[in-house]
Amino acid sequence: MPAVETRNLTRRFGDVVALDRVSVTIRQGEFFSLLGPSGCGKTTLLRIIAGLDAADAGELLLDGAPVGDLPAHRRPVNTVFQSYALFPHLDVHDNVAFGLRMKKVPAPEIKRRVERIMDLVEITPLAKRRTSQLSGGQKQRVALARAIVNEPKVLLLDEPLAALDLKLRKQLQLELLDLQRRLAITFVYVTHDQEEALVLSDRIAVMRDGRIEQMGGARELYEKPRTRFVSQFLGSCTLLDATLDSTRGDSFTANTSLGRLEVAGPAPNQPRFTLAIRPEKIRLSTQAAHEPEPANTVTARIEQRIYVGSESHYHLRAGSQSLRAEAMNSQAGPAPFDQGDSVLAHLPSAALIVLDD
Ligand code: ATP
(Lines give C-alpha, C1' and ligand atoms only; values in the text may rest on other atoms or scores of the structure.)
Protein backbone atom coordinates (compact mmCIF):
# COMPACT_ATOMS: atom_id res chain seq x y z
CA MET A 1 0.00 0.00 0.00
CA PRO A 2 1.58 3.35 -1.01
CA ALA A 3 1.90 5.97 1.75
CA VAL A 4 0.85 8.74 -0.62
CA GLU A 5 -0.68 8.50 -4.07
CA THR A 6 -1.80 11.33 -6.32
CA ARG A 7 -3.74 10.76 -9.51
CA ASN A 8 -3.80 13.57 -12.08
CA LEU A 9 -3.79 16.32 -9.45
CA THR A 10 -4.39 19.72 -11.01
CA ARG A 11 -4.30 23.11 -9.28
CA ARG A 12 -4.78 26.47 -11.01
CA PHE A 13 -4.30 29.96 -9.62
CA GLY A 14 -5.99 32.21 -12.21
CA ASP A 15 -4.04 31.64 -15.43
CA VAL A 16 -1.18 29.85 -13.67
CA VAL A 17 -1.32 26.07 -13.75
CA ALA A 18 0.62 25.30 -10.58
CA LEU A 19 0.04 21.53 -10.91
CA ASP A 20 -0.77 19.89 -14.20
CA ARG A 21 -2.11 16.33 -13.84
CA VAL A 22 0.53 15.19 -11.35
CA SER A 23 0.57 11.47 -10.58
CA VAL A 24 3.03 10.10 -8.02
CA THR A 25 3.17 7.02 -5.86
CA ILE A 26 5.25 7.36 -2.69
CA ARG A 27 6.10 4.12 -0.89
CA GLN A 28 5.88 3.47 2.84
CA GLY A 29 9.09 4.46 4.61
CA GLU A 30 10.53 6.15 1.55
CA PHE A 31 12.57 9.36 1.57
CA PHE A 32 10.97 11.03 -1.44
CA SER A 33 12.04 14.44 -2.72
CA LEU A 34 10.28 16.97 -4.92
CA LEU A 35 13.05 18.86 -6.70
CA GLY A 36 12.69 21.76 -9.10
CA PRO A 37 13.24 25.47 -9.66
CA SER A 38 11.24 28.19 -7.96
CA GLY A 39 7.60 28.24 -9.04
CA CYS A 40 7.47 24.69 -10.44
CA GLY A 41 4.71 23.61 -8.04
CA LYS A 42 6.57 21.76 -5.26
CA THR A 43 5.03 23.65 -2.36
CA THR A 44 1.57 23.50 -3.92
CA LEU A 45 1.78 19.71 -4.12
CA LEU A 46 2.99 19.47 -0.52
CA ARG A 47 0.21 21.77 0.73
CA ILE A 48 -2.44 19.70 -1.01
CA ILE A 49 -1.08 16.51 0.59
CA ALA A 50 -1.12 18.28 3.97
CA GLY A 51 -4.70 19.46 3.48
CA LEU A 52 -3.67 23.15 3.58
CA ASP A 53 -4.89 23.61 0.01
CA ALA A 54 -7.26 21.71 -2.28
CA ALA A 55 -6.80 20.49 -5.85
CA ASP A 56 -9.17 21.58 -8.63
CA ALA A 57 -9.15 18.09 -10.10
CA GLY A 58 -7.62 14.68 -9.46
CA GLU A 59 -7.39 12.36 -6.50
CA LEU A 60 -5.26 12.08 -3.37
CA LEU A 61 -4.94 8.86 -1.36
CA LEU A 62 -3.17 8.49 1.98
CA ASP A 63 -2.42 4.94 3.05
CA GLY A 64 -4.61 3.69 0.19
CA ALA A 65 -7.72 5.64 1.24
CA PRO A 66 -9.06 8.70 -0.65
CA VAL A 67 -8.80 11.68 1.70
CA GLY A 68 -11.59 13.70 0.10
CA ASP A 69 -12.31 16.74 2.25
CA LEU A 70 -10.56 15.43 5.36
CA PRO A 71 -9.27 18.54 7.20
CA ALA A 72 -5.54 18.97 7.74
CA HIS A 73 -5.57 18.09 11.45
CA ARG A 74 -7.29 14.75 10.80
CA ARG A 75 -4.75 13.58 8.21
CA PRO A 76 -1.91 11.27 9.33
CA VAL A 77 0.65 13.85 8.22
CA ASN A 78 2.67 16.66 9.78
CA THR A 79 4.54 19.48 8.11
CA VAL A 80 7.87 21.12 8.85
CA PHE A 81 8.30 24.54 7.23
CA GLN A 82 11.41 26.50 6.32
CA SER A 83 10.16 29.31 8.55
CA TYR A 84 9.95 26.95 11.62
CA ALA A 85 6.53 28.41 12.59
CA LEU A 86 7.19 27.91 16.33
CA PHE A 87 5.02 29.43 19.06
CA PRO A 88 7.02 32.40 20.41
CA HIS A 89 5.20 32.57 23.75
CA LEU A 90 5.98 28.93 24.64
CA ASP A 91 9.31 27.42 25.67
CA VAL A 92 10.94 24.59 23.71
CA HIS A 93 9.38 21.82 25.78
CA ASP A 94 5.88 23.26 25.47
CA ASN A 95 6.29 23.80 21.73
CA VAL A 96 7.04 20.09 21.34
CA ALA A 97 4.21 19.06 23.69
CA PHE A 98 1.63 21.37 22.11
CA GLY A 99 0.10 18.97 19.57
CA LEU A 100 -0.27 16.15 22.09
CA ARG A 101 -1.93 18.48 24.61
CA MET A 102 -4.40 19.61 21.95
CA LYS A 103 -5.24 15.98 21.30
CA LYS A 104 -5.78 15.47 25.06
CA VAL A 105 -3.17 12.72 25.29
CA PRO A 106 -2.73 11.70 28.99
CA ALA A 107 -0.02 13.70 30.77
CA PRO A 108 2.33 10.78 31.60
CA GLU A 109 2.31 9.72 27.95
CA ILE A 110 3.00 13.29 26.81
CA LYS A 111 5.94 13.42 29.21
CA ARG A 112 7.37 10.14 27.92
CA ARG A 113 6.95 10.96 24.23
CA VAL A 114 8.22 14.53 24.47
CA GLU A 115 11.31 13.47 26.44
CA ARG A 116 12.11 10.74 23.96
CA ILE A 117 11.80 12.97 20.90
CA MET A 118 13.72 15.85 22.47
CA ASP A 119 16.49 13.38 23.21
CA LEU A 120 16.39 12.04 19.67
CA VAL A 121 16.90 15.45 18.07
CA GLU A 122 19.29 16.55 20.86
CA ILE A 123 17.40 19.53 22.27
CA THR A 124 16.89 18.29 25.86
CA PRO A 125 19.25 20.94 27.33
CA LEU A 126 17.17 23.66 25.62
CA ALA A 127 13.83 22.57 27.15
CA LYS A 128 13.21 25.75 29.16
CA ARG A 129 14.42 28.25 26.56
CA ARG A 130 12.14 30.62 24.68
CA THR A 131 12.23 29.99 20.95
CA SER A 132 13.50 33.56 20.41
CA GLN A 133 16.66 32.51 22.27
CA LEU A 134 17.55 29.77 19.77
CA SER A 135 19.80 29.65 16.69
CA GLY A 136 18.33 28.75 13.29
CA GLY A 137 19.58 25.16 13.53
CA GLN A 138 18.14 24.77 17.05
CA LYS A 139 14.79 26.19 15.93
CA GLN A 140 14.62 23.71 13.09
CA ARG A 141 15.33 20.84 15.51
CA VAL A 142 12.43 22.03 17.67
CA ALA A 143 10.18 22.24 14.60
CA LEU A 144 11.18 18.68 13.66
CA ALA A 145 10.57 17.40 17.18
CA ARG A 146 7.18 19.10 17.29
CA ALA A 147 6.16 17.34 14.08
CA ILE A 148 7.63 13.91 14.86
CA VAL A 149 6.18 13.70 18.36
CA ASN A 150 2.73 13.29 16.78
CA GLU A 151 3.98 10.06 15.16
CA PRO A 152 2.70 10.97 11.70
CA LYS A 153 2.69 8.31 9.00
CA VAL A 154 4.04 10.90 6.58
CA LEU A 155 6.25 13.86 7.40
CA LEU A 156 6.12 16.70 4.88
CA LEU A 157 9.18 18.95 4.85
CA ASP A 158 9.21 22.21 2.89
CA GLU A 159 12.83 23.32 2.43
CA PRO A 160 13.47 22.81 6.15
CA LEU A 161 17.21 23.49 5.94
CA ALA A 162 17.22 26.32 3.40
CA ALA A 163 17.73 29.09 5.98
CA LEU A 164 20.80 27.46 7.54
CA ASP A 165 24.44 27.98 6.59
CA LEU A 166 26.13 25.37 4.43
CA LYS A 167 28.05 23.51 7.13
CA LEU A 168 25.07 23.19 9.45
CA ARG A 169 22.86 22.24 6.54
CA LYS A 170 25.16 19.36 5.61
CA GLN A 171 25.31 18.16 9.21
CA LEU A 172 21.52 18.30 9.58
CA GLN A 173 21.03 16.49 6.25
CA LEU A 174 22.87 13.48 7.65
CA GLU A 175 20.99 13.68 10.96
CA LEU A 176 17.69 13.88 9.12
CA LEU A 177 18.56 10.84 7.06
CA ASP A 178 19.54 8.90 10.19
CA LEU A 179 16.33 9.99 11.94
CA GLN A 180 14.18 8.95 8.98
CA ARG A 181 15.77 5.50 8.89
CA ARG A 182 15.30 4.99 12.64
CA LEU A 183 11.69 6.21 12.75
CA ALA A 184 10.70 4.51 9.47
CA ILE A 185 8.37 7.44 8.69
CA THR A 186 7.71 8.33 5.04
CA PHE A 187 9.37 11.68 4.29
CA VAL A 188 8.22 13.92 1.44
CA TYR A 189 10.87 16.57 1.11
CA VAL A 190 10.70 19.75 -0.97
CA THR A 191 13.97 21.28 -2.11
CA HIS A 192 15.43 23.26 -4.98
CA ASP A 193 18.94 22.12 -3.98
CA GLN A 194 19.97 19.29 -6.28
CA GLU A 195 22.85 18.12 -4.12
CA GLU A 196 20.59 17.92 -1.08
CA ALA A 197 18.10 15.82 -3.07
CA LEU A 198 20.88 13.46 -4.23
CA VAL A 199 22.26 13.01 -0.71
CA LEU A 200 18.94 12.39 1.02
CA SER A 201 16.52 10.70 -1.33
CA ASP A 202 15.53 7.16 -2.10
CA ARG A 203 13.68 8.62 -5.07
CA ILE A 204 13.36 12.09 -6.57
CA ALA A 205 10.66 13.65 -8.73
CA VAL A 206 12.11 16.46 -10.83
CA MET A 207 9.36 19.03 -11.41
CA ARG A 208 9.05 21.70 -14.08
CA ASP A 209 6.11 24.03 -14.79
CA GLY A 210 3.65 22.03 -12.69
CA ARG A 211 4.58 18.66 -14.17
CA ILE A 212 6.88 15.84 -13.19
CA GLU A 213 9.59 15.73 -15.81
CA GLN A 214 11.36 12.61 -14.54
CA MET A 215 11.16 10.42 -11.45
CA GLY A 216 13.62 7.83 -10.22
CA GLY A 217 16.44 6.94 -7.84
CA ALA A 218 19.18 9.53 -7.29
CA ARG A 219 21.79 7.60 -9.25
CA GLU A 220 19.38 6.78 -12.08
CA LEU A 221 18.41 10.44 -12.51
CA TYR A 222 22.01 11.59 -12.44
CA GLU A 223 23.40 8.89 -14.73
CA LYS A 224 20.43 8.66 -17.11
CA PRO A 225 18.67 12.01 -17.38
CA ARG A 226 16.09 11.84 -20.14
CA THR A 227 15.75 15.53 -20.99
CA ARG A 228 17.93 18.63 -21.33
CA PHE A 229 16.17 20.16 -18.35
CA VAL A 230 16.91 17.24 -16.00
CA SER A 231 20.49 16.92 -17.25
CA GLN A 232 21.11 20.60 -16.49
CA PHE A 233 19.10 20.94 -13.29
CA LEU A 234 20.57 17.87 -11.61
CA GLY A 235 24.31 18.52 -11.97
CA SER A 236 25.73 20.00 -15.15
CA CYS A 237 26.32 18.60 -18.62
CA THR A 238 27.85 19.44 -21.97
CA LEU A 239 25.15 19.12 -24.63
CA LEU A 240 26.02 18.20 -28.21
CA ASP A 241 23.67 18.44 -31.21
CA ALA A 242 24.03 15.18 -33.09
CA THR A 243 22.86 13.30 -36.17
CA LEU A 244 22.99 9.56 -36.68
CA ASP A 245 25.89 8.39 -38.83
CA SER A 246 25.76 4.59 -38.65
CA THR A 247 24.66 1.83 -36.29
CA ARG A 248 26.34 -1.37 -35.18
CA GLY A 249 24.68 -3.93 -32.91
CA ASP A 250 24.89 -2.39 -29.44
CA SER A 251 26.51 0.92 -30.37
CA PHE A 252 26.32 3.65 -33.00
CA THR A 253 28.27 6.54 -34.45
CA ALA A 254 27.03 10.14 -34.24
CA ASN A 255 28.13 13.25 -36.15
CA THR A 256 28.65 16.19 -33.81
CA SER A 257 30.49 19.50 -33.70
CA LEU A 258 33.37 17.51 -32.19
CA GLY A 259 33.46 15.18 -35.20
CA ARG A 260 32.34 11.58 -35.22
CA LEU A 261 31.73 10.03 -31.80
CA GLU A 262 31.16 6.41 -30.87
CA VAL A 263 28.21 6.01 -28.49
CA ALA A 264 27.46 2.84 -26.50
CA GLY A 265 23.86 1.62 -26.45
CA PRO A 266 21.02 1.46 -28.97
CA ALA A 267 20.74 4.17 -31.63
CA PRO A 268 17.94 6.73 -31.16
CA ASN A 269 14.91 6.49 -33.43
CA GLN A 270 15.08 10.07 -34.63
CA PRO A 271 17.83 11.24 -37.05
CA ARG A 272 18.60 14.40 -35.00
CA PHE A 273 19.10 14.22 -31.27
CA THR A 274 21.08 15.62 -28.34
CA LEU A 275 23.98 13.91 -26.60
CA ALA A 276 24.94 14.82 -23.03
CA ILE A 277 28.08 14.11 -21.04
CA ARG A 278 28.79 14.83 -17.36
CA PRO A 279 31.92 16.93 -16.68
CA GLU A 280 33.63 14.34 -14.49
CA LYS A 281 33.35 11.69 -17.24
CA ILE A 282 35.52 13.66 -19.66
CA ARG A 283 39.14 12.57 -19.28
CA LEU A 284 41.85 15.13 -19.89
CA SER A 285 45.43 14.31 -20.77
CA THR A 286 48.44 16.04 -22.26
CA GLN A 287 49.17 15.61 -25.91
CA ALA A 288 52.18 13.39 -25.30
CA ALA A 289 50.28 10.90 -23.16
CA HIS A 290 48.33 9.22 -25.96
CA GLU A 291 49.98 8.08 -29.19
CA PRO A 292 48.07 7.34 -31.33
CA GLU A 293 44.92 9.19 -30.21
CA PRO A 294 42.15 6.84 -29.13
CA ALA A 295 38.63 7.19 -30.57
CA ASN A 296 36.31 9.90 -29.16
CA THR A 297 39.27 12.16 -28.39
CA VAL A 298 39.43 15.81 -29.36
CA THR A 299 42.02 18.52 -28.96
CA ALA A 300 40.77 21.33 -26.75
CA ARG A 301 42.10 24.50 -25.16
CA ILE A 302 41.55 25.29 -21.50
CA GLU A 303 39.79 28.65 -21.45
CA GLN A 304 39.27 28.77 -17.72
CA ARG A 305 40.29 26.72 -14.75
CA ILE A 306 38.33 27.08 -11.52
CA TYR A 307 40.10 25.74 -8.46
CA VAL A 308 37.60 24.44 -5.89
CA GLY A 309 39.96 22.76 -3.42
CA SER A 310 39.54 19.03 -3.87
CA GLU A 311 38.91 19.37 -7.60
CA SER A 312 39.28 21.70 -10.54
CA HIS A 313 36.58 22.66 -13.01
CA TYR A 314 37.65 23.34 -16.58
CA HIS A 315 35.92 25.33 -19.30
CA LEU A 316 37.31 24.01 -22.57
CA ARG A 317 36.88 24.94 -26.20
CA ALA A 318 37.24 22.59 -29.16
CA GLY A 319 36.54 24.56 -32.34
CA SER A 320 33.08 26.06 -31.96
CA GLN A 321 32.09 23.71 -29.14
CA SER A 322 32.54 24.51 -25.47
CA LEU A 323 33.02 21.64 -23.01
CA ARG A 324 32.87 21.39 -19.23
CA ALA A 325 35.24 18.97 -17.47
CA GLU A 326 36.10 18.28 -13.84
CA ALA A 327 39.03 16.45 -12.33
CA MET A 328 40.17 15.70 -8.80
CA ASN A 329 43.30 17.51 -7.62
CA SER A 330 44.54 14.23 -6.21
CA GLN A 331 48.19 14.32 -7.27
CA ALA A 332 50.75 16.01 -5.07
CA GLY A 333 51.83 19.37 -6.44
CA PRO A 334 49.93 21.71 -8.70
CA ALA A 335 47.00 20.50 -10.84
CA PRO A 336 48.32 19.23 -14.19
CA PHE A 337 46.44 21.66 -16.46
CA ASP A 338 46.26 25.40 -16.56
CA GLN A 339 44.51 28.16 -18.41
CA GLY A 340 45.68 28.33 -22.05
CA ASP A 341 46.96 24.73 -22.13
CA SER A 342 46.13 22.54 -25.10
CA VAL A 343 44.89 19.13 -23.94
CA LEU A 344 43.30 15.97 -25.25
CA ALA A 345 39.73 15.47 -24.04
CA HIS A 346 38.48 11.90 -24.17
CA LEU A 347 34.70 11.32 -24.15
CA PRO A 348 34.19 7.62 -23.27
CA SER A 349 31.49 6.05 -25.46
CA ALA A 350 29.63 4.69 -22.40
CA ALA A 351 29.48 8.19 -20.84
CA LEU A 352 27.53 9.75 -23.72
CA ILE A 353 23.80 9.93 -22.92
CA VAL A 354 21.12 10.24 -25.60
CA LEU A 355 18.40 12.71 -24.51
CA ASP A 356 14.77 12.65 -25.63
CA ASP A 357 14.60 16.34 -26.56
P1 ATP B 1 9.44 27.93 -4.50
O2 ATP B 1 10.62 27.02 -4.58
O3 ATP B 1 9.74 29.32 -4.97
O4 ATP B 1 8.70 27.88 -3.21
P5 ATP B 1 7.49 26.11 -5.70
O6 ATP B 1 8.03 25.15 -6.69
O7 ATP B 1 7.20 25.62 -4.35
O8 ATP B 1 8.40 27.41 -5.66
P9 ATP B 1 4.72 26.89 -5.77
O10 ATP B 1 4.78 27.72 -4.52
O11 ATP B 1 4.06 25.57 -5.66
O12 ATP B 1 6.17 26.70 -6.38
O13 ATP B 1 4.00 27.75 -6.89
C14 ATP B 1 3.66 27.24 -8.17
C15 ATP B 1 3.05 28.35 -9.01
O16 ATP B 1 1.79 28.70 -8.48
C17 ATP B 1 3.86 29.63 -9.05
O18 ATP B 1 3.75 30.19 -10.34
C19 ATP B 1 3.19 30.50 -8.00
O20 ATP B 1 3.37 31.87 -8.32
C21 ATP B 1 1.76 30.08 -8.12
N22 ATP B 1 1.03 30.20 -6.84
C23 ATP B 1 1.27 29.47 -5.72
N24 ATP B 1 0.42 29.81 -4.73
C25 ATP B 1 -0.38 30.80 -5.23
C26 ATP B 1 -1.47 31.57 -4.71
N27 ATP B 1 -1.90 31.40 -3.46
N28 ATP B 1 -2.02 32.49 -5.52
C29 ATP B 1 -1.59 32.66 -6.78
N30 ATP B 1 -0.58 31.98 -7.35
C31 ATP B 1 0.03 31.04 -6.60
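The values are calculated or read from the model by the stated rules, or taken from the named source; none is laboratory data. Computed from a predicted model, the values in this text were never measured in an experiment. Please note: Cβ atoms are built from the backbone with ideal geometry, for glycine as well, and neighbour counts cover all protein chains shown. Just the protein is used for accessible areas: all its heavy atoms, side chains included, with ligands, DNA and RNA removed. Shrake-Rupley method; radii C 1.70, N 1.55, O 1.52, S 1.80 Å.
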note = Once all protein chains are kept in place, I48 shows an accessible area at probe 1.4 Å, nearest 10 Å², of 10
request  = State, to one decimal in nm, how far the label point of R272 lies from the label point of H313, with both points 7 Å from Cα in the Cβ direction.
outcome  = 3.0
query = To the nearest 20 debye, what charge dipole does the chain have about its Cα centre, counting +1 at the Cβ of each Lys and Arg and -1 at the Cβ of each Asp and Glu?
reply = 1260
ask   = In the chain, with Lys and Arg counted as +1 and Asp and Glu as -1 at Cβ, which of these residues, L100, L45, A147, has the Cα nearest the positive end of the dipole, that is, farthest along it?
value = L100
query = So which trypsin sites (Lys or Arg not before Pro) in the range 85-193 pass both tests, a DSSP loop state and at most 11 other Cβ atoms within 10 Å of the Cβ?
reply = K103, K104, K128
remark   = Karplus-derived 3J(HN,Hα) from phi for the range 40-45 (6.51 cos²θ - 1.76 cosθ + 1.60, θ = phi - 60°), whole Hz, x at Gly and Pro, runs 7, x, 4, 5, 4, 5
key: Gain on full stretching of the segment that runs from E59 to S251 - 0.36 nm per residue minus C-alpha separation   = 64.8 nm
remark   = Between the modelled labels at R27 and D356 (7 Å from Cα along Cα→Cβ) the distance in nm is 2.2
request  = Return a whole-number percent for the relative contact order of the range 236-355, with Cα pairs under 8 Å and 6 or more residues apart as the contact set.
outcome  = 30
ask   = For all pairs of alpha-carbon atoms in the range 4-225, what percent lies in each bin of width 5 Å, listed from the first bin to the last filled one?
value = 1, 7, 15, 18, 19, 16, 12, 7, 3, 1, 0
request  = Give me the number: length gained by fully extending L174 to D94, i.e. 0.36 nm times residue separation minus the C-alpha to C-alpha distance, one decimal in nm.
outcome  = 26.2 nm
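With both partners inside the chain, how many of the DSSP beta bridges are antiparallel, as a percent to the nearest 5? All intermediate terms of the calculation are to be shown ahead of the outcome.
Values: 63 of 82 bridges.
Taking every DSSP beta bridge within the chain, about 75 percent pair in antiparallel fashion.
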message = Nearest 10 degrees is fine. How inclined is helix 136-148 to the longest principal axis of the chain, computing both from alpha carbons?
response = 60
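From Cα pairs below 8 angstrom and at least 6 apart in sequence, can you work out the relative contact order of the chain, rounded to a whole percent? Write out the running numbers ahead of the final one.
Details: 718 pairs, mean separation 55.5, N = 357.
The normalised contact order for the chain reaches 16 percent.
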Extension reserve of the L239-V17 stretch, reckoned as 0.36 nm per residue once the Cα distance is removed = 77.0 nm
note = With the dipole of the chain defined by +1 on each Lys or Arg Cβ and -1 on each Asp or Glu Cβ, the option from Q321, P125, P266 whose Cα lies farthest towards the positive pole is P125
